Each structure stands twice: as structure tokens, then as C-alpha cells.
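Structure record follows, encoded as C-alpha cells.
The values are calculated or read from the model by the stated rules, or taken from the named source; none is laboratory data. The shown structure was predicted, so the numbers you read here are calculated from the model rather than taken from an experiment. All Cβ positions, even for glycine, are placed from backbone atoms using ideal geometry, and neighbour counts span all protein chains on display. Surface accessibility is based on the protein's heavy atoms, side chains included, excluding ligands, DNA and RNA. Shrake-Rupley method; radii C 1.70, N 1.55, O 1.52, S 1.80 Å.
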Amino acid sequence: HHSSRPSRAKPMPRRRYLACLPILIIVVQSNFSGETWSVAVWNQHRKSSYYQKDCVWMPQLLQQGYSKKDIVAAIDRLQVYYSPLELQRWVADHDLVAVQEADPSFLDALADADIIRGADDRDGRGIQVESCTALILPKARCVRSENAVLQFAMRMRTVSRDHSIALVEDGKGQRLVVCSLHLHPPEMIRNNRGPRYKQYLEPLQQAVESLAGVEDGLLQTPCLLLGDFNVSPENFQQLTSTVDFWRQFHVVRPAESTAHRSNPCSCGDFALAAGGTWRGRALGSDDFRAFEKHAERVFKVLGDDLMLDRYKKAEQCCQEARNWLLHPPLDAESQQELPLEQLS
């Protein structure tokens with residue numbers, strides 16, 4: 001379910017608390033003057049995404065006989081936290097960092113950072129969730145920013161993600177237009193009779209062109225759009241091949257596979273660059289073993305919680321039966337004791 005390769009796992013002090021470890025891609029630009037940009041992207045997942053059917057632990061818990069309602073309740077009780085010092089050290093190593101699902105806990109862990117963020121997302125139910133795309137600027141300053149809301153209608157409700165696009169500048173005067181992208185899967189838009197994919201992307205194109213400047217149809221500032229495209233690089237290029245704007249970009253692919261096999265798209269995390277020379281690399285192992293260990297811990301904690309919840313419910317039933325036997329309730333009409341069989 002987690003989209004980018006995991007870094008090494010670290011033991012947590014309490015097993016009830018599960019840290020979301022930095023799962024990232026590093027992209028480095030070398031421009032014509034020999035200067036470089038160091039940009040990291042992390043498609044970290046908010047806790048509320050733990051409910052999604054693609055999460056490794058969901059089918060495992062369902063197979064054990066737990067209802068979806070009980071699993072959702074257990075996830076509600078699950079306590080997830082971030083390690084502020086770990087995050088701050090990671091962020092400080094780069095000129096800027098792009099995050100796809102920044103939730104309140106993540107933003108709190110970076111409370112003193114310079115962060116540009118979009119409005120909260122509206123998920124597939126049309127419900128506002130506490131999650132947004134974000135750009136963190138540890139070593140760059142924002143010259144100007146714009147927002148692009150990518151949206152479509154689904155079951156009479158609006159599904160949307162608000163993207164912040166920024167023109168940034170480093171200490172040596174280099175400028176870059178950058179956006180942390182979290183696109184909806186094309187089939188999700190198509191299946192709900194949404195706009196054509198090219199139309200869906202138009203607000204993003206307009207914002208990038210506004211910040212980068214356009215002359216004779218060409219972007220005048222280097223641009224980097226990176227994150228979770230929810231589609232393979234080849235399919236994205238095919239879907240946008242008739243638009244001159246998108247033909248200016250080339251794919252920066254950090255690895256053949258950037259997501260665990262449980263993810264609907266295993267290669268949807270990449271970057272699009274226009275201007276400069278870029279290279280990308282994904283941190284972590286090819287087999288995603290660190291993520292699988294994390295998933296095993298989530299599964300165990302949720303399983304223990306669900307089992308304990310069953311014990312509590314059984315204990316409550318026994319207590320109710322005991323109370324019934326000691327103090328049988330009376331029927332409202334006959335004032336006779338009600339038989340034990342009527343106890344739920």
C-alpha cells in the first residue's frame with residue numbers, strides 16, 4: 001500500500017505506537033552552471049488510509065473472521081506517531097521536500113519548518129479528510145506560489161486534491177518551479193464519467209505556466225513535478241501525448257518498481273522534469289522487506305486489539321448473564337421473571 005520504497009525499520013519503544021518511517025525518492029538536478037538541487041519526495045500515507053482495501057493487513061484480518069466494522073474500529077484505536085527528530089534530520093538534508101499525504105501529526109512534527117500546503121483532500125466519498133500535498137523548504141525560499149485543484153464528480157459528490165505549485169529560489173539565485181503531485185488514477189476518473197484526463201490536468205498546467213513563464217510555447221524556468229501519479233510513466237505520457245505542454249517534460253524514474261506489490265500501481269512514483277539534467281534514485285531494498293515488516297507489526301497490533309475486544313465483549317455478556325440470574329428483570333405486564341433465554 002505504501003507507494004515508495006521503505007527505509008530501514010527502527011524499533012519503537014511501545015508496540016502500540018507505530019512510526020511511519022521515511023519512505024522516499026531522492027531526485028538531484030545538475031544544471032548547466034554546475035549547481036545542483038537536492039529534492040526528496042515521500043509518498044507517506046495518512047493513518048486514515050490504513051482502512052483502504054489494498055492495505056496488506058485488511059484481507060488478512062478479514063480472512064481471520066473479523067468484520068470490516070470491527071477492523072475499522074480497531075484502526076481508529078490504533079495510535080500512530082512520527083519521530084520529529086528523525087523527520088527534521090531527513091528534511092534538513094535537502095533543498096526541498098515534497099510530501100503527498102501530510103496529515104496534522106506529520107505537520108506538527110515539522111512545526112517550525114517553512115511549509116507550503118494545499119487545502120485538505122476530498123476522498124472518494126466526497127468527504128473532507130485531514131490530508132494534503134505539501135512542499136517543505138529547508139534551504140530554499142518561496143518566491144511565489146499558486147494552487148491547482150484537480151477534481152471530478154463521483155456519485156454526485158466532488159472528489160478533489162488541492163496542489164500547491166511554487167516558484168522557489170536557492171541561496172545562489174537558482175530558480176525552480178516545483179509541485180508535489182498526488183493524482184487520481186485515470187480509471188477512477190474515466191469510470192465516473194469525469195473530465196477527460198487532459199482536462200482534469202488543465203488547472204495544474206495553467207499554474208505551472210503562470211509561475212515558469214512561457215515564450216513561444218516553451219517554459220522559461222526549469223520545472224519539477226514529482227510524487228504519486230497513480231499511473232505508470234508510459235501510460236501518463238500516452239494520455240498526455242497530444243498536449244504540447246506535457247511534451248516538454250521527460251520522465252525521471254528512480255527505479256522500475258517504487259511500490260509494494262499490494263499497491264494498484266507499482267511504478268506510479270516518479271518525476272517529470274523540464275529543463276536541466278536530472279537523475280533519480282529510490283532508497284530502500286528492491287524487495288520492500290522493511291515495509292513488509294512494518295505491515296506485519298500493524299497486523300499483529302490490530303489482531304491483538306481485535307482479540308482483546310472480543311474478550312471484553314464476552315466478559316460483558318457473562319456479566320449481563322450473571323446480573324440477570326441474580327436479579328431477574330420482571331415482565332412489564334405480568335410482573336413475572338423473564339427467562340434467561342431472552343438475554344441477548
- Extreme residue, farthest from D121 (Cα to Cα), among residues of region 154-169 that are open to solvent by 10 Å² or more (accessible area, probe 1.4 Å) and touching a residue at least 40 places away in the same chain (Cβ under 8 Å): L167
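A quick yes/no check of all residues on (1) assigned to a loop (DSSP other than H, G, I, E, B); (2) open to solvent by 20 Å² or more (accessible area, probe 1.4 Å):
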residue: C142; (1), (2): no, yes
residue: A148; (1), (2): no, no
residue: F152; (1), (2): no, no
residue: V177; (1), (2): no, no
residue: H184; (1), (2): yes, no
residue: E187; (1), (2): no, yes
- Message: Restricting to region 175-190, count the residues that are out of contact with any strand residue (DSSP E or B) (no Cβ under 8 Å at 6 or more places or on another chain) and either without any contact (Cβ under 8 Å) to a residue 40 or more places away in the chain or more than 16 Å from N263 (Cβ to Cβ) (or both).
- Response: 2
- Task: Find all pairs meeting these conditions: Cβ atoms under 8 angstrom apart; at least six residues apart or on different chains; first residue within region 111-137 and closer than 17 Å to H94 by Cβ and of a type in the set (S, T, Y); second residue surrounded by fewer than 21 Cβ atoms within 10 Å (Cβ to Cβ) and modelled with pLDDT of 85 or more.
- Result: T133/R117; T133/D162
- Elements of type strands (runs of 3 or more DSSP E) in region 30-110, at least 3 residues being under 14 Å from the mean Cα position of the chain (by Cα) and buried (at least 17 other Cβ atoms within 10 Å of the Cβ): 96-102
- Quick one: how many residues across region 216-253 are touching a strand residue (DSSP E or B) at 6+ places or on another chain (Cβ under 6 Å) and touching a residue at least 40 places away in the same chain (Cβ under 8 Å)? 10
- Task: Please state which of the following conditions K172 fails to meet, knowing it meets all the rest: (1) open to solvent by 50 Å² or more (accessible area, probe 1.4 Å); (2) more than 15 Å from R46 (Cβ to Cβ); (3) without any contact (Cβ under 8 Å) to a residue 60 or more places away in the chain.
- Result: (3)
- Task: List every residue pair whose Cβ atoms sit under 7 Å apart, with the two residues 6 or more apart in sequence or on different chains, where the first one lies in region 254-267 and is among the acidic types (D, E) and the second, anywhere, is surrounded by fewer than 21 Cβ atoms within 10 Å (Cβ to Cβ).
- Result: E256/C267
- Message: If I filter region 111-138 down to residues being of a type in the set (D, E, K, R) and over 22 Å from Y81 (Cβ atoms), which single residue comes out as least open to solvent (accessible area, probe 1.4 Å)?
- Response: D123
